[in-house]
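Computed from the coordinates by the stated procedures, all read-outs in this text should not be read as laboratory data. Bear in mind that the values here come from a model prediction, so they are computed numbers and not experimental data. Virtual Cβ from ideal backbone geometry, glycine too; neighbours counted across all protein chains shown.
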Amino acid sequence: MTENSTSPPAASTATPITPAAYWDKTRRLTLVLLGLWFVVTFVAIFFARQLDRISLFGWPLSFYMAAQGILLVYLAIVVLYTIRMRRAERRLHLHSEQTHGD
């Protein structure tokens, strides 16, 4: 069986972006994710006493947030950053291929 050569590769479906747009998107994404990191960390620490009043399986909610919940949010931040940056780098690479003919 032969492969259909008219179908474009998956990477070419992305719209190319310029290096300036790439850095704007990178800075914006970094600032948003750092803001999310700060808010999640601040809420867990600042409201720990109020969260202690809520019990989950016999343990205070602040314990779960500190022990597991916040770590899962940090992991989600890293995964989101990785996915978005791979997509942006792929689009930047497409732009450089179009302008330099690599």
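Observations
- Loop-located trypsin sites (Lys or Arg not before Pro) in region 47-102 (DSSP state not H, G, I, E or B) with no more than 10 neighbouring Cβ atoms inside 10 Å: Arg53.
- For region 27-102, chymotrypsin sites (Phe, Trp or Tyr not before Pro) are listed when DSSP marks them as loop and at most 16 other Cβ atoms sit within 10 Å of their Cβ; the list is Phe47, Phe57.
- Percent breakdown of C-alpha pair distances by 5 Å bin, ordered from the shortest bin, for region 18-97: 3, 14, 19, 16, 12, 10, 9, 7, 5, 4, 2, 0
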